[in-house]
Amino acid sequence: MKHFFALLALVFVTGCATAPPPEVRRAEPAAPPVASAPSDAPVWPSDAPGLTAESAILIDARNGEVLFQKNADQRRQVASTQKLLTAQLVARRGNLGAPVAIAAEDTHVEPTKLGIKAGERYTRRSLLEAIMVKSCNDACTALARDHSGSDAAFAADMNRTAWALGARNSYFLNSHGLPAPQYSTARDMARIAFAAYRVPVLRTFMRQPRAYFRHNSGRVTVLKATNKLLERSPAFTGMKTGYTFAAGRCLVSSGTLGGREVILVQLGSKTRNIFDDAQRVMGWSPRSTYAAGSAAYSTF
């Protein structure tokens, strides 16, 4: 499966992937949420910056070549980074100017919220921007309900889409990533991120250091990006942050390394150094074999 990633966009659009097995439609996951799948051998190179994340993977954003990995198939919760999948479903449905009527149930999520109220109406685009910039959970639940009828039904759509993208070691139960018996892996999140990287509206939103959300009342809320890297270095072009106590600190980053577009997934860090780690990776001078795109690093 050396060229697996290169096929993802085509699979997503055509819907030609094999139907998901019954377990992705069950009410409960098929395995414990943080159970370890058979571990891949760590191949994070000795000359690369160290990572505090328990699991990580670095891929070429253009062709999906896996460059380096660390416990990339270890199952764990991924917090708000799963909003990369949520955002794809919404964006690919289109008609982003359509209004979404907010329901009371949309507002019952903590802690990061827009403060939208039942009965208000906002465009899909404005809510999607709030997800990608500030990770607003009430925007997630509103868009999930608008898309599929309920957050639970939307999670089923997430699982079908993840399966089509090849993310078959994942199971999602909600649109926002708040704690639940759900899981993914660094490798699967790389597959999801690889597909998100190809959606222009998401690329635009994820690289914004701030956004301005206008409420129905006329009040404007300034949304500062959760991704601190956007204001630290021009090498970074976006993606998604995540944190819960169960998941630890998670970060999916896109940027350039040695002139090459890459995506870095870091999951399960227990320190606040996850942004520093990503910055060190993007500032690293890799070995010549990496820079040349050696086939030795292609594991799919």
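The single condition from (1) free of Cβ contacts under 8 Å to residues at least 12 places away in the same chain; (2) at negative phi; (3) not in a strand (DSSP E or B) that TYR212 fails is (3). Scanning the range 229-261 for residues that are touching a strand residue (DSSP E or B) at 6+ places or on another chain (Cβ under 7 Å) and part of a loop (DSSP other than H, G, I, E, B) yields ALA235, ALA247.
In summary, SER150 fulfils each of the numbered conditions (1) surrounded by fewer than 24 Cβ atoms within 10 Å (Cβ to Cβ); (2) touching a residue at least 24 places away in the same chain (Cβ under 8 Å) with the single exception of condition (2). Residues that are closer than 27 Å to VAL252 by Cα and among the acidic types (Asp, Glu) within the range 74-121 comprise ASP106, GLU110, listed in sequence order. Within the range 72-94, being within 14 Å of ALA139 (Cβ to Cβ) and aliphatic (A, V, I, L, M) holds for ALA87, LEU89, VAL90, ALA91.
In the range 213-260, the qualifying residues are those that are crowded, with 21+ Cβ neighbours inside 10 Å and aromatic (Phe, Trp, Tyr), and the one that is farthest from ALA53 (Cα to Cα) is PHE213.
Of the listed requirements (1) modelled with pLDDT of 90 or more; (2) closer than 21 Å to GLU65 by Cβ; (3) of a type outside the set (Ser, Thr, Tyr), LYS240 misses just one: (2). With respect to the conditions (1) assigned to a helix (DSSP H, G or I); (2) crowded, with 23+ Cβ neighbours inside 10 Å, ARG125 lacks only one, and its number is (2). Look at ARG160 and say whether it is over 12 Å from the mean Cα position of the chain (by Cα), outside any loop (DSSP other than H, G, I, E, B) and modelled with pLDDT of 95 or more. The answer is yes for ARG160. Of the numbered conditions (1) in a helix (DSSP H, G or I); (2) closer than 25 Å to ASP106 by Cβ, THR226 satisfies every one except a single condition; which is it? All conditions pass for THR226, except number (1). Of all residues in the range 220-246, those being farther than 18 Å from CYS136 by Cβ and of a type outside the set (Asp, Glu) number 9. ALA72 falls short on exactly one of the conditions (1) under 22 Å from ARG203 (Cβ atoms); (2) buried (at least 24 other Cβ atoms within 10 Å of the Cβ); (3) touching a Lys or Arg at 6+ places or on another chain (Cβ under 9 Å), and that condition is (1).
The values are calculated or read from the model by the stated rules, or taken from the named source; none is laboratory data. All of these numbers come straight from a predicted model, not from anything done at the bench. Glycine also receives a Cβ, built like all others from the backbone with ideal geometry; neighbour counts cover every protein chain displayed.
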